[in-house]
1. With a bin width of 10 angstrom, please list the P(r) values of segment 3-135 as percents of all Cα-Cα pairs, from the 0 bin to the one holding the largest distance.
2. For the peptides 47-56, 9-18, 81-90, what is the packing order when you average, over each peptide's residues, the other Cβ atoms within 10 Å and list the highest mean first?
3. Taking a ≥ b ≥ c as the square roots of the eigenvalues of the Cα gyration tensor of segment 1-46, is the shape rounded (a/c under 1.5), prolate (a/b larger than b/c) or oblate?
4. If I take every Cα pair under 8 Å that is 6 or more residues apart in the chain, average their sequence separation and divide by the length, what percent do I get for the relative contact order?
5. Tell me the label-point distance for the pair residue 78, residue 107, using the 7 Å Cα-to-Cβ offset, in nm and rounded to one decimal.
6. Label residue 90 and residue 35 with points 7 Å out from Cα along Cα→Cβ: what is the distance between them in nm?
7. Considering the chain as a Gaussian network with a 10 Å cut-off on Cα pairs, which listed residue, 22, 76, 119, attains the greatest mean-square fluctuation?
8. Taking every DSSP beta bridge that has both residues in segment 3-135, what percent is antiparallel when rounded to the nearest 5?
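Here, each number is a calculation from the coordinates, and none is a lab measurement. Just so you know, these numbers come straight off a predicted model, no measurement behind them. Cβ placement follows ideal geometry from the backbone for every residue including glycine, while neighbour counts extend to all protein chains displayed.
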């Protein structure tokens, strides 16, 4: 089986999470500068087989698209062109950043460590991926 890669897309940086090859466990992989994201994904997919990209879909409480969706749409177009054989699925990402922050608190991370926005993005991508695996 191939891996599933989840992205918590942001204008500055993007959190990346990945499954094991059996698609049972979601793990945080890294946080990448968004400008370098496609290059990172190309390098990663040359080393590992990826069967699906999960991309967080930010929504408002009333289920309408978030303002950041305007930045995600052009990225999705580039992602599709760069990886025409790998499907892209959108997943509701509401509350993942808050859940990631709470996870950091529950893990006993210090206040200084919890200010690491890159870690929050990576944990958010992991939560997106884990939720997807649970729903499958």
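1. Going out from 0 Å in 10 Å bins, segment 3-135 shows 13, 46, 34, 8, 0 percent.
2. 9-18, 47-56, 81-90
3. In terms of gyration-tensor shape, oblate.
4. Relative CO of the chain lands at 34 percent.
5. Going by the 7 Å Cα→Cβ label model, 2.8 nm.
6. 2.7 nm
7. Of 22, 76, 119, the Gaussian network model singles out 22 as fluctuating most.
8. 55 percent
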